[in-house]
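Everything on this sheet refers to the single structure shown next.
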Amino acid sequence: MLVLEDGRRYEGRAYGSVGQTLGEIVFATGMTGYQETLTDPSYAGQIVLMTAPHIGNTGANDDDMESRRIWVSGFVVREPARIASNFRSTRSLDDDLTGGGVVGISGVDTRAITRHIRSAGAMKSGIFSGDRFALSDGEQLELVRSGAGMRGRNLSDEVSTVEPFSVPAQGEKIGTVAVLDLGVKTATLGHLAARGFEVLVLPQSVTAEHVLSLKPSALFFSNGPGDPAASDLHVNLLQEVLRAGVPYFGICFGNQLLGRALGFRTYKLPFGHRGINQPVLDKTTGRVEITSQNHGFAVDMPIEGVHESRTGFGRVEVSHYSLNDQVVEGIRCLDIPAFSVQYHPESAAGPHDAEYLFDRFRDVVVANRAAAGAGDAK
């Protein structure tokens, strides 16, 4: 049984592990990439409903894992594949769900549930199977309503690496980038290394003093789950590193944290942006990008005009925005070397529409290093 916070109930079949799970229910619109979705740390604390009706047909493998494990709290599908058929498949999706302890449900009307979430908004939910299916309607609903919501919740410590590690640069090394792991994806690290960065991945608990002691060429904040308003420590760290003149690039959660570091507030979207088909306008080029997104919060900032940072970082403007609902999708600082985007440029939506952002980051770091060298020469 899938139970929503507002009392809606949907009966289906157990899928994956059997038992009970609680989380915020959200929907993802990707027709492909279910394994990347399941292993994206940004989905921690959420029950993910796939709008594509047939899930699991290409099985699962180690290469498509975006992190070390599955992070979703639960999984909702219309029809799971009975047979996994793909030359890259090494196991079934059912095996991964069961092995990862993910409680799921299948055989429900995912289109009806999606329409309801779009109308009522993302909300607390729960899946109950096995012995937990026998609980009364009232008991199940009470468990759902007593569960933790996403607003005001900091999940970075649950998904971040415990120990720092590094990824070597590919080709000619141009510098080092300190990556604050707030839920970073494997593909992101690969893109940074491919641009000549030695990648130093750090736990979310590090201090600004530690980051600066590493003398990085740049700082990168990753995607991640939770409410950016509950991450003041990360905002303070970012402000200190920006004041030291270190170039910055952030994606998803890193975009929201840059917004807050600049003095703007963030807010919770009704049902968020999740999927691999989200259209975004790059205001600099006028080009429309098809992007991959996974976020339930956004930066509150006018999409037109140049604005003054409320925390002393100079002029700021919105660089990208959503064509569906005009949500801020990118921020560019005009007086310091810092920018960010709300979407996931590593996720191959488009399929390569947004990869230029990693090149832009490389160019910013190279230009900053050249400027610093010219200053030293003078």
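The values are calculated or read from the model by the stated rules, or taken from the named source; none is laboratory data. The structure displayed is predicted, hence computed values, not measured ones. Please note: Cβ atoms are built from the backbone with ideal geometry, for glycine as well, and neighbour counts cover all protein chains shown.
Given the stretch 122-204, what helices (runs of 4 or more DSSP H) lie entirely inside it while holding 2 or more residues that are in contact with a helix residue (DSSP H, G or I) (Cβ under 8 Å, 6 or more places away or on another chain) and either more than 25 Å from GLN46 (Cα to Cα) or among the hydroxyl-bearing types (Ser, Thr, Tyr) (or both)?
186-194
For (1) touching a residue at least 12 places away in the same chain (Cβ under 8 Å); (2) touching a Gly at 6+ places or on another chain (Cβ under 6 Å); (3) not assigned by TED's automatic domain parsing to the domain that holds ALA28; (4) not in a strand (DSSP E or B), each residue gets a yes or a no:
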{"residue": "ASN223", "(1), (2), (3), (4)": "yes, yes, yes, yes"}
{"residue": "LEU237", "(1), (2), (3), (4)": "yes, no, yes, yes"}
{"residue": "VAL241", "(1), (2), (3), (4)": "yes, no, yes, yes"}
{"residue": "VAL246", "(1), (2), (3), (4)": "yes, no, yes, yes"}
{"residue": "PRO279", "(1), (2), (3), (4)": "yes, no, yes, no"}
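May I ask you to verify whether LEU262 is in contact (Cβ under 8 Å) with a residue 60 or more places away in the chain and surrounded by 20 or more Cβ atoms within 10 Å (Cβ to Cβ)? For LEU262, the condition - in contact (Cβ under 8 Å) with a residue 60 or more places away in the chain and surrounded by 20 or more Cβ atoms within 10 Å (Cβ to Cβ) - is met. Can you tell me which residue in the stretch 193-210 is surrounded by the most Cβ atoms within 10 Å (Cβ to Cβ), limited to those that are aliphatic (A, V, I, L, M) and over 22 Å from ASP363 (Cβ atoms)? Residue satisfying both the conditions and the ranking: LEU202. For the stretch 32-59, which residues satisfy the criterion of being over 28 Å from ASP181 (Cβ atoms) and touching a residue at least 60 places away in the same chain (Cβ under 8 Å)? Of everything in the stretch 32-59, just one residue is over 28 Å from ASP181 (Cβ atoms) and touching a residue at least 60 places away in the same chain (Cβ under 8 Å), namely THR51. Collect the residues in the stretch 267-280 that are at pLDDT 95 or above and buried (at least 20 other Cβ atoms within 10 Å of the Cβ), keeping them in residue-number order. Passing the criteria: only VAL280.
Hey, can you tell me all the residues within the stretch 326-363 that are part of a loop (DSSP other than H, G, I, E, B), free of Cβ contacts under 8 Å to residues at least 40 places away in the same chain and under 25 Å from GLY314 (Cβ atoms)? Before the answer, list the steps.
Within the stretch 326-363, the first condition is being part of a loop (DSSP other than H, G, I, E, B), and the residues that meet it are 326-327, 334-337, 342-355.
Then keep just the ones that are free of Cβ contacts under 8 Å to residues at least 40 places away in the same chain; that gives 326, 334-335, 351-352.
Listed by number, the residues that qualify are GLN326, LEU334, ASP335.
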